[in-house]
Amino acid sequence: KVVNVVDLKETPVLSVASVLNAIKDGSAVRTSGQTSANAHSSRSHAVFQIILRSSKGKLHGKFSLIDLAGNERGADTSSANRATRLEGAEINKSLLALKECIRAMSM
């Protein structure tokens, strides 16, 4: 099964500063919003994967950092407006899709 991630970027880096810049760039395009459960709730997922290769391309390892969108329970968002509740439902659906992406990355 092939997993296609929209707007996925692969950026070669050679220094710690380059890694930190890549994280900063990724964070800048994330969506966040206020919910009744959390004043700064991330409303998008992020996957940051570091792939360690030798100068000849030999794979030495992979390290994945995954930050999931805020997933408030229905009981926590009962006072939220309709748009926020629908957004929460979409986040829950996307968590299932993200699970498949994570599974594919581990292979």
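For the pair Lys58 and Arg82 in one chain, pulling the backbone fully straight at 0.36 nm per residue adds 3.6 nm over the alpha carbon distance. The gain in end-to-end length when the Arg30 to Ile51 segment is fully stretched comes to 5.4 nm, 0.36 nm per residue minus the alpha carbon separation.
Bear in mind these aren't lab numbers, they're just calculated from the coordinates by the rules spelled out. A quick note: this is a predicted structure, and the numbers were derived from the prediction, not measured.
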